[in-house]
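Participant: Please see the structure below; I have some questions.
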Amino acid sequence: MGLWIFFLLVNLLPAARAVVGHREPLPDDSRDNITIFTRILDRLLDGYDNRLRPGLGESVTEVRTNIYVTSFGPVSDTDMEYTIDVFFRQSWRDERLKFDGPMHVLPLNNLLASKIWTPDTFFHNGKKSVAHNMTTPNKLLRLVDNGTLLYTMRLTIHAECPMHLEDFPMDAHACPLKFGSYAYTNNEVIYLWTQGDGRSVAVAEDGSRLNQYDLLGHVIGKETISSST
């Protein structure tokens, strides 16, 4: 099961400050929490196999997704592609990572993502995708005590946008962004919009980077895509 967004376009006629100070020692309860969660993580990862998806042999893994678009554009008529910068959020539940501790949500270092199972999401019509790494990888990982994970990445995506230019310069286009699992079938992993079709994609008010087009809006949905690999 894959998800998609169509961005609707219409053609137009021609310093932060760093403060250095004394570091206070950690209070005793903070040191205790660090010790507790170190033990929790060690226990969770002991025997954990990140090659196996959650619910293997028992249930379908549901990956819930929402997207915040920070910038859209430019659009190339010549190459029939567009550029989009997004915060791409995915959430799923892994029963193997349930824990009991003094905190309901555990913020994790993004390096831990390589030690657990994560969705093999790819963009069907993407030409090139770049994950931002300055000054560190722009990734966020959170673990809820019931085993739910939130994984957010900042991406710049160059995607195909089929265009019909017969009505140029008064043409309008729908540029898709389609994504889903690369290797898993619908019987193994499915993608769902986190907040339904209405609120799962948001575009920043100042996010348009278009010269000859206006961004009219977007529509989202889902479909089953067949491919040979």
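Bear in mind that the values in this text are calculations on the coordinates, not laboratory data. On a predicted model such as this, the values are computed, not experimentally measured, just so you know. Don't worry about glycine lacking a Cβ; one is built from the backbone with ideal geometry, like all the others, and counts go over all protein chains shown.
Participant: List the chymotrypsin sites (Phe, Trp or Tyr not before Pro) in the range 43-90 that DSSP assigns to loop (not H, G, I, E or B) and whose Cβ has at most 16 other Cβ atoms within 10 Å. Which are they?
Facilitator: Numbers: sites: 48, 68, 72, 82, 87, 88; in loops: 48.
Those that pass, being in a loop and sparsely packed, are 48.
Participant: Here's a follow-up. In debye to the nearest 20, how big a dipole does the range 88-205 give about its Cα centre with +1 on each Lys and Arg Cβ and -1 on each Asp and Glu Cβ? Before the final figure, lay out the partial values.
Facilitator: On the way: 12 positive and 12 negative charges, 114 e Å.
Using only the charged Cβ atoms, the result is roughly 540 debye.
Participant: Taking 7 Å along the Cα-to-C-beta vector as the label spot, tell me the residue 56-residue 225 distance in nanometres, rounded to one decimal.
Facilitator: In this crude spin-label approximation the distance works out to 2.5 nm.
Participant: If each residue of separation counts as 0.36 nm, what is the full-extension length gain between residue 77 and residue 187 once their alpha-carbon separation is subtracted?
Facilitator: Working: separation 110, 0.36 × 110 = 39.60 nm, distance 3.83 nm.
Full extension from residue 77 to residue 187 adds 35.8 nm.
Participant: Within 11 Å, Cβ to Cβ, of residue 87, how many net charges do the neighbouring residues add up to if Lys/Arg are +1 and Asp/Glu are -1? If you can, show how the numbers build up before the last one.
Facilitator: On the way: positive: 89, 139, 154; negative: 85.
Computed value for this residue: +2.
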